[in-house]
Each structure stands twice: as structure tokens, then as C-alpha cells.
Amino acid sequence: MFSVDFSSPFVIIFITGTFITFLINSFLEFLDYRSRVKHGTSVPEVLKDVPGTEVFFSPEKLAKIVSYENSKYFLWIPKSIVSVLLTLSLVVFGFYPLVFKWSCAITGYPHSFWSLFFCFLIFSVISGIPETIISLPFNLYREFSIEKRFGFSNMTFKLWITDEIKSTLVSIIPLLLLSLAVSFAFVFFENSWWLIVSIVLLVFVLLVQIIYPKFIAPLFNKFEPLPEGELKEKLENLLMKTGFKSDGLFVMDASKRSGHSNAYFSGFGKSKRIVLYDTLIQQMSADELVAVLGHELGHFKLKHILKGLLKTIPLIFIGAYLLFRFSQMESMYSAFGFELQQGTMKWVQFIGITLTTFVWQSVTELLSPLGNIASRKHEYQADKFSAEVCGTSKDLISGLVKLNSENLSELYPPAIYVWWNYSHPTLVQRVQALKQFENGK
């Protein structure tokens with residue numbers, strides 16, 4: 001029988017952190033819901049003089065936005081409750097030590113490189129099954145009930161199944177390669193595996209940037225070159241003006257699955273490509289699309305992506321080193337019910353990584369506002385860049401209004417909710433900043 005030590009600081013932090021995270025999110029979501037009920041059917045003052053506001057935020061549209069956001073909230077409530085109960089139950093009732101025992105029985109106790117690799121792999125796969133099963137009905141309900149009801153989802157059940165199969169198959173390859181590399185590091189670099197793993201992860205992140213646009217994304221969507229015409233000419237002029245070199249301008253068939261709209265660029269070096277959702281092209285004018293792309297180019301020209309990468313590199317090494325240090329603590333293994341034989345630490349450190357991750361994830365929500373503050377600052381800077389390169393902020397403002405309206409994004413999230421959860425400023429905040437820039441030019 002596997003026994004959890006509830007007096008252990010590791011277990012205390014895990015359980016307390018999980019509950020506190022749940023309570024914080026529940027409180028914030030309720031505040032957001034109450035704000036929608038109180039203000040959701042009125043147009044913010046700053047938007048009233050924006051052309052088209054009376055259409056894009058008509059009383060009917062505002063009511064639809066409130067209803068859509070409320071539907072997602074009412075689904076979030078049971079999903080979050082089930083999720084936190086599952087997270088705690090799997091630990092408290094010894095699910096993970098049991099999975100480890102099964103993995104060892106299947107592979108032979110890991111005293112060789114290959115037995116360690118397969119034990120690690122089997123443990124990782126089986127451990128993720130409960131969460132996948134629990135999430136499935138909620139994901140299906142959101143896709144085929146909420147998203148369908150509000151006119152977003154064009155997904156068929158066959159396409160949904162196909163996407164799930166493709167996603168699973170695509171994830172298997174990196175899982176195999178990473179498990180292989182980590183197992184190799186455990187066995188042959190016992191006291192410095194954290195350094196090897198850091199380098200592997202860094203290379204993996206860079207390779208994904210190159211591989212994803214050309215080989216993975218096309219498995220799910222079609223990417224056609226943007227047709228000749230006014231839009232392509234204006235976008236190419238913008239690229240030339242900003243000195244941005246890419247692999248091309250592409251249109252993605254997003255409408256095959258959803259009515260949501262977006263634009264992005266992906267890749268690294270010569271593999272960079274700019275992608276516009278076909279839904280976005282249908283919703284916006286050429287000048288608005290130029291302004292939206294100007295925003296995305298702002299992130300590149302202002303080196304937000306490079307700065308993010310430079311911040312990530314030391315964090316990868318620091319994180320891997322901390323995982324290494326914590327994975328050496330036998331007290332953490334016993335606290336969560338794992339019974340280790342003497343001298344086997346070298347072969348089971350992936351368990352230590354898993355347990356350290358559990359403890360970290362239980363409290364990481366408390367740090368999320370810090371990352372969001374920096375992200376929102378970058379969004380303001382990219383908006384300003386777009387206004388400068390386009391010569392006006394009006395096109396970006398009207399484009400953001402359309403984007404917000406078509407995606408049924410709420411207009412009145414509470415300030416504390418935005419501060420805690422939003423990686424982007426709200427529409428109202430962005431329009432206010434863009435108007436100030438326009439008036440101060």
C-alpha cells in the first residue's frame with residue numbers, strides 16, 4: 001500500500017498550492033462574471049466615436065458576447081472542480097507510485113539504459129491518461145455545443161477525431177526523442193544531466209520553430225499563397241518598408257474548423273512565414289489587415305521575440321538545475337509514496353522530475369501576473385509601431401474593434417482580472433493608448 005506523508009513540506013506545498021490556485025481562479029472568474037452582468041450590455045465611452053461601433057457592438061451583439069462568455073464560464077466551473085479533485089486524488093491515493101510499479105514490472109526494474117527509457121516512456125504515457133479522459137467530455141461539449149451554438153465551430157466529429165489522432169501521432173515523435181535523450185543523460189551523465197537536458201531542450205525549441213511551419217502545421221490546415229491583388233501589394237509594401245524578409249504570405253483555411261480569426265508569423269530565419277486566417281481576410285479591409293500585420297511585425301522589429309528567447313535560455317538551464325537538485329532528495333520520493341531501493345536513485349530521477357513539477361505547478365499560478373505585465377507592455381509597443389509605420393492608428397483601431405466583435409470577446413473584464421490573466425491589454429485599453437498616440441503625433 002502506497003502512503004503519502006501529509007506532514008512533508010513537499011506535500012503540504014502541493015496540496016495548499018493547488019487549493020489556493022483553485023480559489024484564486026474561482027474568485028477572479030466570479031468577479032469577471034459579475035462585471036459582465038453589470039456592464040456587459042453597454043458600450044465603453046472610448047469606443048463610441050469609433051466608426052462602425054454601433055454595428056459591431058449593437059445591443060444584440062453585446063448580449064451575444066455576454067451569453068458566449070457566460071457559457072464558457074458555466075462550463076469552466078465544473079471542469080475546474082473536477083480537475084482539482086482529480087489532481088489531488090491521483091496523488092493522495094497513490095496513483096503515480098502504482099503506475100511506476102506497473103512500468104517497472106513491464107520493463108524489468110530499470111538497471112539498464114533501455115529498461116530506464118521504456119519505464120520512463122510508459123510512466124509518462126500512463127500518467128497522462130486520467131487527465132485526458134476527464135478533459136474529453138468538457139472539450140467535446142465546448143466544441144460541439146458552445147462553439148456551434150454561437151456560430152464559430154465548423155468542426156465535424158470525423159474531423160475532430162482525425163485532428164486528435166494526428167495530434168497524438170505528432171506528439172509521439174518528440175516524446176520518444178526527448179525521453180531517449182533524457183534517459184541517456186541520466187545514465188551516462190549522472191551528476192551533470194541537467195546541463196545535457198538543457199542543451200537538448202534548447203535545440204528542440206529552435207528546431208520546432210523551423211520544422212513547425214513547413215511540416216507540422218500543413219498536417220492540419222492548408223496554406224495557400226496570398227493571391228495577387230490590392231491586399232498582397234499593400235502587405236508586400238509594408239514588408240519592404242520594415243525590412244522584413246520572409247518565406248512568403250500565406251492564407252490558412254481556418255474556416256474549415258472555426259469562425260475565430262487571427263494572424264501570426266512563425267518560423268525562424270529563412271523559414272519565417274506570415275499567415276493570415278481566411279476568416280480574418282473576410283472580416284477586414286486591406287488597410288486594417290496592413291495595420292494588424294504591422295502590429296505583428298512590431299514584435300519582430302522591436303526584438304520582443306528575440307528578447308523572449310534570450311530570457312528563456314537561462315530559465316531553461318536554471319530550471320533543469322533545480323530539477324536535478326530536487327530529484328536527488330529521497331525525502332520527496334517517500335513523501336509522495338514512492339518506495340525506492342537503496343542505490344537506485346540514478347535510475348528513477350524522472351520520478352523526481354515529475355514530483356518537482358507537481359509541486360511547482362501548484363504554485364506557479366501565483367507568478368503568472370509577472371509574465372503578463374511584460375507581455376502587455378510589448379503589445380502596447382507593437383500597437384504603437386503599427387501606428388507609426390502605417391502613418392495612422394485609425395486602421396488598427398477599427399481592425400481591433402472588428403476582431404473583438406467577431407470573436408465575441410468581452411469588453412469589461414475587471415482590472416484585477418486583466419492584471420492577473422491577460423497577456424494582452426483589453427480592447428478599451430488598446431484603443432485609449434492608440435488615440436493618445438494619434439493625438440500626440
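Summary table below
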quantity: Tally of residues being open to solvent by less than 50 Å² (accessible area, probe 1.4 Å) and either of a type in the set (Val, Ile, Thr) or under 14 Å from residue 412 (Cα atoms) (or both) across region 43-60; calculated: 7
quantity: Number of the exception - residue 213 against (1) assigned to a helix (DSSP H, G or I); (2) at pLDDT 90 or above; calculated: (2)
quantity: Sole residue being hydrophobic (A, V, I, L, M, F, W, C) and within 27 Å of residue 311 (Cα to Cα), chosen from 408, 427, 367, 403; calculated: 367
quantity: Hey, residue 147 open to solvent by less than 60 Å² (accessible area, probe 1.4 Å), under 22 Å from the mean Cα position of the chain (by Cα) and acidic (Asp, Glu) or not; calculated: yes
quantity: Residue satisfying all of: in region 407-431; farther than 15 Å from residue 396 by Cα and not in a loop (DSSP other than H, G, I, E, B); most open to solvent (accessible area, probe 1.4 Å) among these; calculated: 419
quantity: Failed criterion for residue 52 (all others in (1) over 28 Å from residue 288 (Cα atoms); (2) touching a Lys or Arg at 6+ places or on another chain (Cβ under 8 Å); (3) of a type in the set (Gly, Ala, Ser) hold); calculated: (1)
quantity: Residue within region 371-381 that is at pLDDT below 95, over 26 Å from residue 153 (Cβ atoms), among the polar types (S, T, N, Q) and open to solvent by 20 Å² or more (accessible area, probe 1.4 Å) present; calculated: yes
quantity: Hits in region 229-246 (condition: more than 16 Å from residue 289 (Cα to Cα), out of contact with any helix residue (DSSP H, G or I) (no Cβ under 6 Å at 6 or more places or on another chain) and surrounded by 14 or more Cβ atoms within 10 Å (Cβ to Cβ)); calculated: 246
quantity: Test: residue in region 125-139 that is surrounded by 16 or more Cβ atoms within 10 Å (Cβ to Cβ), modelled with pLDDT of 95 or more and more than 17 Å from residue 349 (Cα to Cα); calculated: yes
quantity: Whichever residue in region 80-121 is in a loop (DSSP other than H, G, I, E, B), open to solvent by less than 40 Å² (accessible area, probe 1.4 Å) and small (Gly, Ala, Ser) and, among such residues, is farthest from residue 184 (Cα to Cα); calculated: 94
quantity: Options 355, 367, 323; residue that is without any contact (Cβ under 8 Å) to a residue 12 or more places away in the chain and out of contact with any strand residue (DSSP E or B) (no Cβ under 9 Å at 6 or more places or on another chain); calculated: 367
quantity: Criterion: within 24 Å of residue 86 (Cα to Cα) and either part of a loop (DSSP other than H, G, I, E, B) or charged (D, E, K, R) (or both) - qualifying residue of 388, 365, 379; calculated: 365
quantity: Tabulated pairs, region 270-293, first more than 21 Å from residue 247 (Cα to Cα), second small (Gly, Ala, Ser) and open to solvent by 30 Å² or more (accessible area, probe 1.4 Å), C-beta under 6 angstrom, 6+ apart or interchain; calculated: 279/255
quantity: So residue 300, is it open to solvent by less than 40 Å² (accessible area, probe 1.4 Å) and of a type in the set (A, V, I, L, M, F, W, C); calculated: no
quantity: Unique residue being under 22 Å from residue 391 (Cβ atoms) and among the hydroxyl-bearing types (Ser, Thr, Tyr) when the list is 242, 279; calculated: 242
quantity: Criterion: out of contact with any Leu (no Cβ under 7 Å at 6 or more places or on another chain) and under 30 Å from residue 326 (Cα atoms) - qualifying residue of 154, 139, 191; calculated: 191
quantity: Among the candidates 165, 134, residue that is without any contact (Cβ under 8 Å) to a residue 40 or more places away in the chain and of a type in the set (A, V, I, L, M); calculated: 165
quantity: Odd one out for residue 308, checked against (1) surrounded by fewer than 16 Cβ atoms within 10 Å (Cβ to Cβ); (2) more than 30 Å from residue 241 (Cβ to Cβ); (3) under 25 Å from the mean Cα position of the chain (by Cα); calculated: (2)
quantity: Single residue of region 23-43 satisfying the filter (part of a loop (DSSP other than H, G, I, E, B) and not small (Gly, Ala, Ser)) that is farthest from residue 64 (Cα to Cα); calculated: 43
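The values are calculated or read from the model by the stated rules, or taken from the named source; none is laboratory data. Everything numeric in this text was worked out from a predicted model, so none of it was measured. A quick note on method: Cβ atoms are made from the backbone with ideal geometry, for glycine too, and the neighbour counts reach across all protein chains shown. Accessible surface areas use protein heavy atoms only, side chains included; no ligands, DNA or RNA. Shrake-Rupley method; radii C 1.70, N 1.55, O 1.52, S 1.80 Å.
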